[in-house]
Structures are given as C-alpha cells and as structure tokens.
Ligand SMILES: Cc1cc2nc3c(=O)[nH]c(=O)nc-3n(C[C@H](O)[C@H](O)[C@H](O)COP(=O)(O)OP(=O)(O)OC[C@H]3O[C@@H](n4cnc5c(N)ncnc54)[C@H](O)[C@@H]3O)c2cc1C
Ligand code: SF4
C-alpha cells in the first residue's frame with residue numbers, strides 16, 4: 001500500500017493495535033507525545049501519526065511490515081537535533097535513542113566498535129577513552145547526537161580537516177530495507193559483489209542500481225559534485241564511480257537521511273586519542289580579515305580553525321557565566337580565529353604569529369598551552385550557537401543558510417557577498433564555526449511569524465544558493481538536506497543527477513515508505529513551517545512576569561529544539577530526562593507541549609488539557625535549564641505558572657496545598673521525630689500519600705531530623721557579619737547542611753547570625769500557589785529588610 005499518512009481514525013486505530021500487539025518496544029500515540037516528535041532543531045513542524053521506540057532489530061522489521069501494510073511512512077529519529085527538518089515526518093516516528101542505544105562489542109586491537117544506532121556519541125567516547133581510542137567526529141551536539149543520526153547525516157566536527165566525516169569511519173551496517181528484510185552491508189570483494197548483484201530481491205536491486213547509476217553518470221558526477229572537503233547533500237553516488245576502490249554499500253546509506261533503509265547496528269573504525277594539543281586565538285578587525293587569514297593559517301597544518309565573530313562575542317559581554325571564558329579576548333575584536341595544533345611545541349604558534357604579522361593579518365595572538373586554558377577557549381566556541389540563538393521575542397536566529405561550504409580560498413569573497421545579501425534584506429546574523437574547511441554557520445535573525453519574515457527567508461535562501469554554486473560550493477557541509485535544502489537539490493546537482501537520485505530512491509524504496517520528502521520529492525521550502533502567519537497563541541493572564549521573553553507562549557517558544565537537555569554525562573539539566581531518557585521528561589519535550597497547547601494545536605483546551613499535567617509533573621523545578629539551556633528556557637517558571645493557571649480553573653488540590661505549606665507540617669513532623677518518621681514510613685501512610693497526594697508508595701519520604709538547625713543553633717549571636725537563612729527543608733530535614741555552611745563561614749573568619757525564621761515561599765512557588773507565594777515574598781522581604789539595610793550579607797543554601 002502506498003503511504004498516505006493521513007489515516008482515517010479507523011485505520012489509525014488498526015495500525016496502533018497491530019503495533020501494540022507485535023512490538024516489544026514503546027508504542028505511543030498520545031497527542032502531545034506526537035507533538036514533541038513533530039520538530040527537530042529546524043524551522044519545520046510535522047505532527048506524526050505515532051511514535052515507536054523499538055527494542056531490537058526484530059521490532060524494526062515488524063514496524064516496517066506493519067507500516068507497509070497500513071500505508072504509513074516511517075521517519076527514523078535519534079536525538080532529533082537535525083537543523084534541516086530531516087528528523088520529522090508525517091507517518092510513524094521511529095525513535096532509536098530510547099532503547100536501541102547499546103554498545104555491542106569493542107575490538108581494542110582491531111580498533112573497531114559495534115553499536116546500536118541510538119548510542120550517543122559522547123557516551124560512546126566515554127567508554128572508549130580508557131582504551132585511548134575515540135570516534136573523532138567532534139560535533140557540537142556530541143552530548144546527544146546518536147550514531148544512527150550521524151550516519152544518516154554524514155556528520156562531522158571541529159577537527160574534520162584531520163578526521164573527515166562520518167563516512168570515513170563506517171565499516172559495516174546492518175540495515176532493515178524497505179521490504180522489511182535485514183541485510184549486512186560491508187566491503188565486498190569481486191566475487192561477493194557479483195554474488196550480491198545477481199540476487200533476485202531488493203538487496204540485489206540496490207546493488208545493481210547504485211553501480212549502474214554511478215557508472216552511467218560518472219562524467220556528470222565528476223562535473224557536478226563540488227570539489228571541496230565538506231559536502232553532505234544529495235546521495236553519495238560519487239563514492240561508486242568506477243575506480244579501484246572496493247564496493248561497500250554502506251557508503252550510499254551514509255548521508256541518506258533515513259530515506260533508503262533503517263540502520264539497526266553499525267561497526268565503526270576508531271582512532272587513538274591525540275597525545276598533545278596547543279591552541280591559540282588570533283584576533284582580527286573583522287570577519288573578512290579573518291577569512292583572508294584562513295588560507296594562510298591552513299599552510300601551518302592546524303587540526304582546527306574555528307571562527308567566532310563580534311555578533312557572538314558581544315552577547316557574552318556583561319554575562320557573569322561568560323566572563324571567565326572571555327579572559328583570552330583583548331579589547332573589542334571584530335572576529336577571532338581559534339587555531340589548534342596536535343603538537344606540544346609552542347613554536348608552532350610562534351611561526352604562525354610571525355607569518356600573519358608579516359602579511360599584516362590579525363593584531364593579537366593569545367597562546368593557550370595548558371589544557372585548562374584551552375578548555376576555556378573551546379567552551380566559548382561551543383557556547384557560540386546558543387548565544388546566536390538566545391534572542392528573546394519572535395525574531396530568532398534560524399537555520400536555513402547555516403551550512404553552506406566553499407573552498408577556503410574563496411571564503412573571503414564569498415562571505416563578503418553573503419554579508420551584502422543580508423545587508424540588503426536588513427537582516428542581522430552571526431558568523432562562526434569551521435573556517436578550516438570553508439564552512440561557516442550563518443544563522444540570520446528572522447521573524448517566521450510574519451509574511452515579511454517568511455518572504456525574506458525564502459529570498460535569502462535562493463540568493464545564497466546561487467552564491468554558493470557560483471563559488472563551486474555545497475549547500476550543505478554537515479547538517480544535511482532535510483526539508484530546507486532538498487528543494488534546491490536539482491539546482492545543486494543538475495537535472496540529470498536529480499533524476500538519478502529519484503531513481504535511486506525509487507529502487508531502494510518503491511512504495512515511498514522511508515522518510516518521504518527528504519533529499520528528493522521535497523515539499524515547497526515554506527510548507528510545514530513551525531510558525532508561519534497563521535500561528536497564534538492564546539495568552540493567559542499570568543501571575544509571573546514573562547516580559548523578558550515577551551509572554552508565556554514566547555517563553556515556551558524560546559526552545560528551538562537543539563536538545564541540549566538530552567545530555568546525560570555532564571551538568572544538571574535535565575534530571576528527569578537523565579533518569580528516564582523519555583523525550584516527554586526533557587526540557588525540550590515540555591517546552592514543545594506548552595507551545596502546542598498555548599497555540600491551540602491540539603484543541604481549544606490549551607493549558608487545560610489533561611495530557612499536559614503528567615508531562616509537567618515530572619519537572620523538578622531545579623532551574624538547571626535556566627542556566628544550562630543554550631537558549632535560556634526557564635521551565636521552572638513555566639511549570640509553576642502552568643500549575644497556577646490550573647488551580648485558578650479547577651481549584652487547588654489537597655496535595656498541592658499540603659506540599660506547598662510544608663513549613664507548617666514539617667515543624668510538627670520534626671518535633672515528633674522519630675515517631676513521625678515511623679508513621680510516614682508505614683504502609684498506611686504510604687497508601688494515603690499515594691491515594692491523596694499522588695506520591696508513589698515505593699518512594700521513601702525524606703526523614704525529619706531529631707533536632708532542627710534552628711533549635712541547635714538558637715544561641716548564635718544576633719549581630720554577625722553574615723546572616724544565615726535557614727530554609728524549611730534544610731532546617732527540618734537536613735540541618736547538617738546549614739551547620740556545615742555556618743561552620744565554613746566561621747572558619748573563614750565571619751561571625752554568623754541567624755536570619756529571622758520565615759518561609760521563603762519556595763514550596764508555594766513549586767506547587768503553583770503564586771498569589772500566596774507573592775504575599776509570603778512580601779513578608780519575607782519585610783523580615784529580611786533590616787539585615788539588608790545594615791548591609792549584612794544573607795546566605796542561602798537552598799540551590800533553587
Ligand atoms: C546546536 C547544534 C549544533 C550542531 N552541530 C553539528 C556539528 O558540529 N556537526 C554536524 O555534523 N552536525 C551538527 N548538528 C546537526 C546534528 O546535530 C547532527 O547531524 C547529528 O548527527 C544528528 O544526530 P541525531 O541523533 O540528533 O539525529 P536526528 O536529528 O534524530 O536524525 C538525523 C537523520 O538521521 C535519520 N536517522 C536517525 N536514526 C536512524 C537510523 N537508525 N537509521 C536510518 N536513519 C536514521 C533521521 O531520519 C534523520 O534523517 C548540530 C545541530 C545543532 C542543533
Ligand atoms: S527545571 Fe525542570 S525541565 Fe528544567 S532542567 Fe530542571 S527538571 Fe528539567
């Protein structure tokens with residue numbers, strides 16, 4: 001059956017039932033869960049029919065069989081961090097990241113590893129590090145990008161000038177084809193190649209087709225494929241033109257964006273970790289001077305050259321978290337190039353500095369020889385994208401011309417003309433990233449809610465495409481085609497190769513089951529936009545002030561989908577995702593649900609929709625996202641407001657009332673400890689908590705301390721150098737923390753006094769009782785005001 005994706009309710013129910021009966025993994029068809037899988041980090045949105053997280057290859061085989069039977073297409077998904085829209089589709093979303101993320105086998109001697117496609121790059125490299133090995137594709141999204149996504153996008157990173165792209169590391173792939181057969185792709189000798197090409201099945205067709213098309217069009221391929229290091233768009237037919245290279249069908253799968261088959265396991269080549277690195281930062285007057293210097297720097301054989309421009313550097317100024325990272329910047333440069341060498345000889349930097357000086361390029365060189373110093377420089381570079389995307393309001397820095405690459409020697413002229421295009425449309429933009437390979441990320445700031453913004457988006461996309469092709473460049477150097485570049489495929493490769501791509505797709509996937517509309521047969525550039533002129537929101541009157549974002553809806557829209565909240569190895573964001581690996585428990589998932597609710601995409605209930613409650617419930621309101629999310633999403637505030645709105649309409653629940661006023665019950669609980677602890681731990685109390693407060697009976701409650709901090713420290717002076725504020729939780733449950741803080745302050749020579757005992761109102765905020773929290777805040781302010789007026793610092797230990 002040809003996929004039609006708009007299944008009627010009966011057909012949809014039948015698909016869902018079949019999946020539930022036959023798949024071991026998760027089958028989820030809830031509206032908001034589908035909504036969370038309708039976006040990636042692109043400007044697009046397509047709501048899928050449902051989401052399946054397979055557990056095994058057999059699950060994937062059954063999904064392909066069932067989708068084929070019911071006429072639903074399949075779009076694979078890893079971390080959903082694609083910037084071009086290739087991770088979204090109208091049929092079923094197949095999420096490999098949740099369960100199929102295991103390391104299957106490491107061969108240390110042979111320097112290879114076998115993994116499932118949902119394994120995250122950083123998690124893989126953390127496992128390889130003790131063996132001195134790495135998969136050296138250092139993408140900015142390494143903390144959440146999956147191997148399956150990297151293979152499908154042919155991803156690359158900062159050091160690609162040395163390490164190349166994903167295609168250079170894929171040795172074998174196990175792939176489920178569109179007819180639900182599972183095949184192994186690997187290097188074939190001549191006999192094996194003949195054998196495969198003779199087969200009378202889909203696998204045989206694939207082998208024949210790739211060789212036939214590449215041979216037939218070898219001249220056109222030579223003419224039309226850009227002669228640069230970074231091109232990932234289109235299909236890799238150039239890897240199959242007649243040559244001495246042995247045939248490996250993996251190379252057509254790499255970069256095919258899930259349109260030709262579904263990877264269920266991959267064997268990858270590894271390389272040793274570099275022994276030494278030294279880094280320098282060269283400052284320039286402007287981006288064009290930096291671009292003129294790039295070919296010169298390349299002659300010194302660096303392992304990376306990364307650009308950061310003033311647009312981005314300016315946004316770090318005056319921000320406490322970036323000040324330590326900026327220490328290597330002197331004055332106010334228009335652009336900097338961060339240059340790395342795999343070496344331990346600082347003379348490499350001296351030679352480079354002398355060469356640049358002689359040519360009158362650059363005005364200051366900072367040397368970072370120590371690893372700690374280098375980490376600071378790379379941290380600023382990594383923060384660059386977040387900084388370009390952290391604008392508040394409707395105009396955002398978006399991906400659409402962000403990934404073009406030209407030969408480095410053309411960078412200066414190409415960027416000069418790119419700047420002219422942007423200036424003509426009066427659109428600001430930052431420039432940053434991989435100067436070493438002629439690939440600068442340029443994300444113009446456009447308001448995609450207005451007709452004018454959408455028109456500029458389209459005009460700039462067309463003008464930049466022409467410009468890139470004039471310089472013999474590639475429209476995509478690492479992010480892929482997706483929905484935003486596939487419309488330019490024919491322009492990029494010409495009609496003959498475009499037709500060959502269509503034939504290739506048709507041969508591998510005759511029914512059009514796999515990720516439709518990507519690479520070929522793309523919908524128009526401005527179809528399926530996440531926003532668009534019809535996008536409207538129903539703004540509630542809020543208790544919190546959201547004017548820093550514009551409004552509550554704009555606070556939710558601040559999430560652009562980069563998925564930094566899906567990291568699991570570093571930082572605190574997002575604890576609920578780290579524990580569950582469920583998109584609905586991530587900051588991105590919650591922001592997406594709130595955005596779709598506030599814009600009424602799933603009905604007029606908006607924030608009142610019952611499906612929203614469990615999604616927001618698991619947010620701990622730890623505020624880690626406010627600090628760690630590159631675009632500054634503040635989910636704690638959004639959740640609290642959401643609960644407040646809900647209480648307004650439905651009344652405050654018993655659970656919310658009791659937990660919000662925990663200061664009262666905790667005082668009694670602590671006085672009665674240990675009896676209160678024994679009661680709280682009894683089965684009857686656990687039953688009550690589960691039934692009436694919504695607390696799972698398996699969850700042990702925090703235990704009341706035998707003596708509260710305030711009891712213990714009541715004789716402390718009333719006139720100190722610092723005043724310690726005893727918050728409710730620490731005072732009654734964990735007084736040792738406060739005592740430790742007080743002792744620390746004393747050891748540092750301060751005299752500690754206790755701040756007046758008032759509740760800070762944090763539990764009220766947590767539970768969305770915002771009117772009462774505001775009153776409490778006033779009372780607290782009054783109580784603390786005399787200390788503040790005397791200039792006495794007030795210490796708080798409560799992290800949020
Ligand atoms: C902030 C930011 C920075 C980025 N920096 C870089 C960078 O430095 N270098 C770079 O190359 N890219 C970069 N990207 C793009 C993106 O992160 C990479 O392309 C990444 O490899 C995508 O991985 P993913 O797991 O998120 O894949 P997804 O986005 O989920 O999917 C990518 C593609 O893979 C397909 N796919 C996923 N799993 C499978 C499977 N098992 N079988 C078949 N197809 C599959 C999907 O259908 C889709 O077409 C960046 C993106 C963002 C948002
Ligand atoms: S505040 Fe909520 S969404 Fe944000 S990091 Fe903490 S738990 Fe995650």
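FYI, it's all coordinate maths here, none of it is from the lab. Remember, predicted model here, so these are calculated numbers, not experimental data. Cβ placement follows ideal geometry from the backbone for every residue including glycine, while neighbour counts extend to all protein chains displayed.
The helix-only estimate of mean residue ellipticity at 222 nm for the chain, built from DSSP H runs of length n ≥ 4 each weighted as -39500 (n - 2.57), is -12000 deg cm²/dmol after division by the residue total.
Here the contact order of the stretch 552-651, divided by its residue count and restricted to Cα pairs under 8 Å and six or more residues apart, works out to 31 percent. Ranked by how many other Cβ atoms sit within 10 Å of their own Cβ, fewest first, the residues 267, 715 fall in the order 715, 267. Rounded, prolate or oblate, given the Cα gyration tensor of the stretch 657-796, with a/c below 1.5 counting as rounded? Since a/c reaches 1.5 but b/c is at least a/b, the shape of the stretch 657-796 is classed as oblate. Once both labels are positioned 7 Å from their Cα atoms along Cα-to-Cβ, the gap between residue 102 and residue 8 label points is 4.3 nm.
Compared with the dominant principal axis of the Cα atoms in the chain, helix 411-424 is inclined by about 60°. For residue 627 and residue 470, the FRET efficiency from 1/(1 + (r/R0)^6), where r spans their Cβ atoms and R0 equals 60 Å, is about 0.85. The order of 468, 520, 271, 722, going from fewest to most other C-beta atoms within 10 Å of their C-beta, is 271, 722, 520, 468. A convex hull fitted to the Cα coordinates of the stretch 1-100 yields 84 cubic angstrom per residue. Between the stretch 407-466 and the stretch 262-305, the alpha-carbon centres lie 22 Å apart.
Can you give the relative contact order of the chain as a percent, counting alpha carbon pairs under 8 Å and 6+ residues apart? Dividing the mean separation by the residue count of the chain yields 12 percent.
Here each label is just a point 7 Å from Cα along the line to Cβ, and for residue 17 and residue 458 those points are 4.4 nm apart. Comparing Cα centroids, the stretch 18-38 and the stretch 116-152 end up 26 angstrom apart. Residues 544, 704 in ascending order of nearby Cβ atoms (within 10 Å, fewest first): 544, 704.
Note on residue 219 and residue 572: with the Förster distance fixed at 60 Å, the Cβ-Cβ geometry gives a FRET efficiency of about 0.60. I need the Kirkwood Rh of the stretch 552-651: take the reciprocal of the average 1/r across all distinct C-alpha pairs and report it in angstrom. Result for the stretch 552-651, one decimal place: 13.4 Å.
Packing-based ranking of 416-424, 562-570 yields 562-570, 416-424, ordered from highest to lowest mean Cβ neighbour count within 10 Å. For the chain, the average shadow cast by the Cα convex hull is 37.2 nm², which is a quarter of the hull's surface. Label-to-label distance, residue 706 versus residue 687, with points set 7 angstrom from Cα along the beta-carbon direction: 3.2 nm. Classify the stretch 274-390: rounded, prolate or oblate, from the alpha-carbon gyration tensor (a ≥ b ≥ c, eigenvalue square roots; a/c under 1.5 rounded; otherwise prolate if a/b is larger than b/c)? It comes out oblate by the Cα gyration axes. Going by a ≥ b ≥ c, the root eigenvalues of the Cα gyration tensor, does the stretch 433-496 fall in the rounded group (a/c under 1.5), the prolate group (a/b larger than b/c) or the oblate group? Because a/c hits 1.5 or more and a/b fails to exceed b/c, the stretch 433-496 counts as oblate. Inter-part distance, the stretch 210-238 to the stretch 702-748, computed on C-alpha centroids, equals 70 Å. Note on residue 777 and residue 332: with the Förster distance fixed at 41 Å, the Cβ-Cβ geometry gives a FRET efficiency of about 0.55.
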